[in-house]
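As structure tokens, the structure follows; a few thoughts come after it.
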Amino acid sequence: MTNSPVAFIDIGTSRLDVVESLETSGALEIPKPLDALSGNELVRKAQIGKVGTEVLRYLTNAFTGRGFTWLLPVIFSKSTDPLWPDPGASIEKRVETEIYGETVRTTLSMIIHKLVACSTAYPKFFVLSPNVRIERRERKATGWHAYEFTQLDFELAGAGFRDVRRLVEAVIAGLVSHVKKRAERELKSLGRYGSLKTPETPFRVYDREDLEAKYEGRWEVSLPQDIREPVWVTNIPREFYDFEDAATGRWDNYDLFLPKYGEVLSGARREWEYGKIVAKMERDGVKKENYTLLLTLAKEGKLKPSAGAGIGVERLMTWVAGARHVGEVQAFPKVPGVVYEL
Ligand code: ASN
């Protein structure tokens with residue numbers, strides 16, 4: 001397996017400074033593999049497994065029940081998410097290999113596939129998509145990063161933040177009630193039953209510019225410590241596919257933050273106009289030759305307006321279960337910098 005030049009390592013952002021201070025605190029126990037767990041730890045692992053099962057049962061029912069088509073994920077593609085520019089990204093290595101004489105990349109996210117699928121055969125769909133992101137190894141101590149994880153990635157043709165917001169808030173509220181009913185015993189034993197409350201809807205919405213002013217740039221880490229309910233953050237400058245209003249410079253995108261934990265969902269209304277996408281790629285130094293299909297569709301007017309988001313499935317499970325590290329909800333932990341046999 002070869003690796004692409006590490007073109008886009010993001011260092012020196014305020015977010016990473018904060019992550020580094022967490023990293024050096026050394027307070028967090030790194031999740032162990034199954035064979036290294038004690039009897040009690042295996043019981044806890046199984047209880048978290050039951051909570052995770054109810055999370056998956058509820059989410060898949062919630063989306064299929066609302067008429068979403070359920071697609072299966074892909075692992076290798078010529079084109080994947082550039083994950084750049086993104087203030088939260090910290091990719092140490094990009095995984096590329098060659099198959100049948102072609103260079104392919106492991107999925108960083110299925111955003112490109114989502115835009116194409118949504119504009120063609122699947123105007124309303126979701127996919128449980130494994131993402132491979134080789135995060136900087138120092139991120140093992142955040143408790144919130146894994147180098148393999150799953151997104152419940154969905155996309156809706158002709159939609160906007162209002163539609164996504166209504167959908168996601170109903171799903172999160174319904175999820176908490178469901179899991180408290182279906183995994184009551186496990187949540188009690190994990191010490192999470194009492195503190196896990198069905199959140200009040202609608203969730204508050206904050207503008208990233210206001211948070212930057214309030215927290216002096218450290219908002220991604222400070223905000224979760226200050227909130228008691230999930231909240232939305234909008235207007236975050238990042239990848240070309242999120243919609244940016246050319247006149248105002250505002251970004252029509254949104255992240256959902258969970259109290260104490262952090263970001264669990266990220267999404268946007270999408271760009272679909274060829275000229276704008278090309279201009280943003282050129283501005284950001286994203287290689288147009290990696291996005292030929294998307295650009296061709298856009299040029300032919302076949303890329304359609306849509307909105308969507310990806311929910312970090314392990315992060316959502318971690319919050320619901322009250323776990324300490326996302327690796328704890330993974331049967332086979334994929335903690336940055338820590339490579340176990342399985
Ligand atoms: N899944 C995200 C979205 O829908 C993209 C990402 O993960 N980078 O916007």
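The values are calculated or read from the model by the stated rules, or taken from the named source; none is laboratory data. Please read these numbers as outputs of a predicted model, since none were measured by experiment. With ideal geometry, Cβ positions are generated from the backbone for all residues, glycine too; neighbour counts draw on all protein chains shown. Areas reflect the complete protein model, heavy atoms only, side chains present, ligands, DNA and RNA absent. Shrake-Rupley method; radii C 1.70, N 1.55, O 1.52, S 1.80 Å.
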HN-Hα J in Hz across the range 320-334 - Karplus 6.51, -1.76, 1.60, θ = phi - 60°, x for Gly and Pro: 4, 7, x, 6, 8, 9, 4, x, 5, 8, 8, 4, 10, x, 10
Cross-link table LYS93/LYS288; LYS93/LYS299; LYS93/LYS304; LYS188/LYS260; LYS214/LYS276; LYS45/LYS180, entries beyond 28 Å C-alpha to C-alpha: LYS93/LYS299; LYS93/LYS304; LYS214/LYS276
Amide H partners (placed H, <5 Å) of PHE68, local residues excluded: none
Distance between modelled label sites at SER222 and GLU209, nm, 7 Å Cα→Cβ extension: 1.8 nm
Alpha carbon Rg of the range 65-195, scaled by the compact-globule rule 2.2 N^0.38 Å: 1.28
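So what is the calculated 222 nm ellipticity per residue for the chain, using -39500 (n - 2.57) for each DSSP H run with n of 4 or more, over all residues, to the nearest 500 deg cm²/dmol?
So the calculated ellipticity at 222 nm is -11000 deg cm²/dmol.
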Restraint check, LYS32/LYS140; LYS287/LYS334; LYS78/LYS140, Cα-Cα greater than 21 Å: LYS287/LYS334; LYS78/LYS140
Magnitude of the charge dipole, the range 201-342, Cβ model with Lys/Arg +1 and Asp/Glu -1, debye to 20: 260 debye
Residue-count net charge about THR318 - beta-carbon cut-off 10 Å; Lys, Arg +1, Asp, Glu -1: 0
Residue among ALA121, LEU152, ILE111 farthest towards the positive dipole end of the range 66-172, charges placed on Cβ: LEU152
Normalised per residue, the volume of the convex hull around the Cα set of the range 195-275 (Å³): 104 Å³
Dipole moment magnitude, nearest 20 debye, the chain about Cα centre, only Lys, Arg, Asp, Glu C-beta charged: 1100 debye
Karplus-derived HN-Hα couplings along the range 157-172 (A = 6.51, B = -1.76, C = 1.60, θ = phi - 60°), whole Hz, x at Gly and Pro: 5, x, 9, x, 4, 4, 5, 5, 4, 4, 4, 5, 5, 5, 5, 5
Heavy-atom accessible area per residue - the chain, 1.4 Å, Å²: 46 Å²
Signed unit charges on C-beta, dipole axis of the range 189-342, positive-most listed residue GLY308, TRP219, ASN290: GLY308
Integer Hz, Karplus 6.51/-1.76/1.60 couplings in order for the range 112-119, x for Gly and Pro: 5, 4, 4, 5, 6, 4, 5, 7
Per residue Cα convex hull volume in Å³ - calculated over the range 245-342: 168 Å³
Computed log₁₀ I(q)/I(0) - Debye formula, equal Cα scatterers, no solvent, the range 232-276, q 0.17, 0.18 Å⁻¹: -0.49, -0.53
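Could you tell me the ratio Rg/Rh of the chain? Both radii from Cα atoms, Rh via Kirkwood.
Over the Cα atoms of the chain, Rg/Rh equals 0.94.
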